[in-house]
Amino acid sequence: MNAPGEPDLREVDPEIFGLIEAEDRRQRDSLRLIASENYASKAVLQATGTSLTNKYAEGYPGRRYYEGMECVDPIETLAIDRAKELFGAEHANVQPYSGSPANLAVLLGLCDPGDTIMGLSLPAGGHLTHGWKVSATGIYYNAVQYGVRQSDHRIDMDQLRDLAREHKPKLIWCGHSAYPRLLDFAAFAEIAAEVGAYLAADIAHIAGLVAGGVHPSPVPHADAVTTTTHKTLRGPRGGLILCKEAHAAAIDKAVFPGLQGGPHNHSTAAKAVAFREALQPSFKVYAAQIVANARALGEALMGRGYSLVTGGTDNHLLLVDLTPQGVGARKVARDLNRCGIELNANSVPFDTRSPFDPSGLRVGLASLTSRGLLEKDMPGVAEFMDDAIQGSIKAGKKRIPSALAEALGAKIREFLGDFPAPGL
Ligand code: DSN
């Protein structure tokens with residue numbers, strides 16, 4: 001595909017080439033437990049690195065502002081058709097650059113600035129774009145936040161109903177970035193209908209589980225559904241909006257020209273590939289395995305004395321609460337990274353620590369499941385985590401000792417040797 005004699009990346013920019021190679025190695029050698037990440041397949045990565053990046057395509061298939069759409073139009077149409085088939089949706093917009101622009105587009109399409117919206121608060125496991133005060137969604141809209149119950153850390157549907165009756169929102173968000181239980185979309189829809197609000201579901205974290213049939217789908221219940229395509233869904237970095245046909249024109253207009261310019265066609269192609277992969281029967285097995293692995297890791301960690309928010313999980317993630325250990329999670333997460341265990345510190349519900357050094361560790365199983373790990377492998381993962389957490393706690397304010405971090409890192413590399421990293 002190169003012009004004759006055209007040098008490749010290694011020659012043009014050895015510095016960037018070297019850093020990309022190092023990142024490949026890091027992803028191969030680490031226990032990747034960040035709940036919002038995954039390994040995209042080789043086919044998805046191949047579609048991403050193509051000539052499609054050179055092409056502008058403002059507009060929608062058949063209605064563009066540029067010429068030369070012979071290939072881009074069918075690519076976007078395939079992505080749309082596959083997204084609709086995968087989720088059983090009436091309409092799909094595959095152009096959002098990621099999840100945050102997708103959420104903003106829903107607000108732009110269905111609400112007016114200043115309207116009241118509701119969402120699960122960030123400390124309770126919600127997302128910035130569901131109306132948190134520092135996000136545009138909390139600045140340009142009157143955001144009311146609901147939470148989880150103190151008693152069991154499950155979403156407080158009674159509080160949601162009371163707040164909805166009091167504030168009469170134009171739109172209610174359901175969805176999360178750190179909540180380990182199933183969402184009852186029908187119950188959300190009932191409350192939204194009672195107060196005349198739109199229901200928008202952000203399934204960024206669980207889209208792969210919904211597509212794989214192991215989490216209920218919001219599509220029959222919600223006016224609009226947004227997702228990223230790169231988490232449990234295993235696609236490229238990107239976003240997607242599904243909606244009822246009645247909202248299709250408003251949503252499309254909000255994405256373009258409301259918020260975005262030309263779609264990223266290389267990402268659209270890679271989304272189409274990922275949707276095709278997710279339509280295969282093997283994806284159902286994969287999605288079920290993610291949940292089985294998360295449950296097995298949760299059991300193994302609880303067996304080692306760790307406390308989990310809500311006492312377990314129904315989805316791909318666990319929130320380990322380090323409050324009983326009396327330590328902040330930030331330093332522990334950094335020490336784990338030094339050992340080759342990659343996760344993030346996260347607030348737990350009613351956290352008494354600051355969001356910069358919260359009490360929780362968020363742990364997701366999509367990436368390890370993509371490498372082929374099964375329930376039987378989870379006690380080993382728990383042991384690595386426990387050794388690193390205990391080493392970090394013992395080191396107090398100091399870094400975990402290098403000798404321990406290196407020894408654990410070597411054991412983890414050997415352990416992962418049996419599980420090839422897709423795409424790399
Ligand atoms: N940043 C993503 C996450 O980690 O959950 C959500 O946007």
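Every number in this text was worked out from the coordinates using simple rules, so none of it is lab data. If you're wondering where the values come from, they're calculated on a predicted model, not measured in any experiment. Neighbour counts run over all protein chains shown; Cβ positions are idealised from the backbone, glycine included.
Shown here for segment 272-373: chymotrypsin sites (Phe, Trp or Tyr not before Pro) in loop regions (DSSP other than H, G, I, E, B) with at most 16 other Cβ atoms within 10 Å, namely PHE350, PHE356. Pick from MET69, MET378, MET118 the residue whose mean-square fluctuation is largest in a GNM of the chain, springs joining Cα atoms under 10 Å. Top of the fluctuation ranking is MET69. Each residue, ARG237 and GLU194, gets one label point 7 Å from its Cα in the Cβ direction; the gap between the two is 4.2 nm. Only aspartates and glutamates eight or more places from LYS397 in sequence, or on another chain, were considered; those with a Cα closer than 12 Å are ASP335.
When the Cα positions of MET378, ALA333, LEU318 are compared along the charge dipole of segment 282-424, ALA333 comes out farthest toward the positive end, with charges on each C-beta of Lys, Arg, Asp and Glu. Normalised by 2.2 N^0.38 Å, where N is the number of residues, the alpha-carbon radius of gyration of the chain equals 1.00. A simple charge model with +1 on the Cβ of Lys and Arg, -1 on the Cβ of Asp and Glu and nothing else charged puts the dipole of the chain at about 840 debye relative to its Cα centre. In a Gaussian network model over the chain where Cα atoms closer than 10 Å are linked, find which of GLY49, GLY208, GLY238 has the largest mean-square fluctuation. Sorting by GNM fluctuation, first place goes to GLY49. Restricting segment 377-416 to trypsin sites (Lys or Arg not before Pro) that sit in a DSSP loop and have at most 16 other Cβ atoms within 10 Å of their own Cβ leaves LYS397, LYS398, ARG399.
Over the chain, what is the relative contact order in percent, taking alpha-carbon pairs closer than 8 angstrom and at least six residues apart? Reported as a whole number, the value is 22 percent. Here the calculated FRET efficiency for GLU383 and VAL134, from their Cβ-Cβ distance with R0 = 51 Å, stands at 0.85, rounded to the nearest 0.05. Fewest-first ordering of CYS174, CYS71, CYS111, CYS243 by other beta carbons within 10 Å of each residue's beta carbon gives CYS71, CYS111, CYS243, CYS174. Taken over segment 223-336, the percentage of Cα pairs per 10 Å bin, counting from 0 up to the bin with the maximum distance, is 11, 27, 27, 23, 11, 1. In a reduced charge model with +1 at each Lys and Arg Cβ and -1 at each Asp and Glu Cβ, segment 65-197 shows a dipole moment near 600 debye about its Cα centre. Dividing the convex hull volume of the alpha-carbon atoms in segment 307-424 by its residue count gives 112 Å³ per residue.
So, R0 is 35 Å and r is the distance between the beta-carbons of VAL12 and GLU67; what FRET efficiency does that work out to, to 0.05? Efficiency, rounded to the nearest 0.05: 0.70.
Working from label points 7 Å from Cα in the Cα-to-Cβ sense, the ALA395 to LEU279 distance is 4.9 nm. What you get for segment 47-140, charging only the Cβ of Lys and Arg (+1) and of Asp and Glu (-1), is a dipole of about 280 debye around the Cα centre. Each stretch of four or more DSSP H residues adds -39500 (n - 2.57); spread over every residue of the chain, this sum gives -12500 deg cm²/dmol at 222 nm. GNM on the chain, alpha-carbon springs under 10 angstrom: the most fluctuating residue among ASP112, ASP184, ASP81 is ASP112.
The alpha-carbon of LYS376 sits under 20 angstrom from the alpha-carbons of these lysines, leaving out residues fewer than 8 places away in its chain: LYS284, LYS411.
For THR227, THR232, the sequence from fewest to most other C-beta atoms within 10 Å is THR227, THR232. Using the Cβ-Cβ distance between ALA22 and LYS253 with R0 set to 51 Å, the FRET efficiency from 1/(1 + (r/R0)^6) comes to roughly 0.75. With neighbours defined as other Cβ atoms within 10 Å of a residue's Cβ, the residues SER151, SER267, SER30 order from fewest to most as SER151, SER30, SER267.
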